[in-house]
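Working notes, beginning with the structure itself.
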Amino acid sequence: MYTKIFLLALTFTFFPSISADSHSEKALEQKSKVEVFGYWKKEDCQKISESSGKLLYSSGVQLEESRKHRDAGHPLKAEQTAAAAKYLAEMASHYANNFEAYCKRPA
């Protein structure tokens, strides 16, 4: 009985370290692949950049609409268009982050 408990304790002691080693090896493998193959085509990067700009522009338009609704005394419409502006700005940020991660070459 004590032998089973000892083996169980031993298994749980070393299993996480074995698992962590395999994960770090996989992460290193993936990292090296990304460094070699991780850059997107120039055309795709151009599309990401343009999309980010269009989303940010649309966010500004929605924010201006929100201001107009607020000035006109329509707080619900103002809140809805402000939420749309925030969403579009967040999406533009995500596109910009992808551009930064996959399209810019390290210095």
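A short reminder: the numbers here are calculations on the coordinates, not readings from a lab. All of these numbers come straight from a predicted model, not from anything done at the bench. Don't worry about glycine lacking a Cβ; one is built from the backbone with ideal geometry, like all the others, and counts go over all protein chains shown.
Worth a mention:
- Label-point separation in nm, Q80 to L56, each point 7 Å along Cα→Cβ: 2.8 nm
- The label-point distance for S93 and K47, in a model that sets each label 7 Å from Cα toward Cβ, rounds to 2.5 nm.
- Electrostatic dipole magnitude of the range 47-107 [Cβ: Lys, Arg +1; Asp, Glu -1; Cα centre; debye, to 20]: 120 debye
- Lys/Arg +1, Asp/Glu -1 at C-beta; the range 47-107 dipole; positive extreme among A101, Y57, G73: A101
- Lys-Lys pairs in the range 47-107 that are eight or more residues apart or on separate chains and whose Cα atoms lie under 28 Å of each other come to 10.
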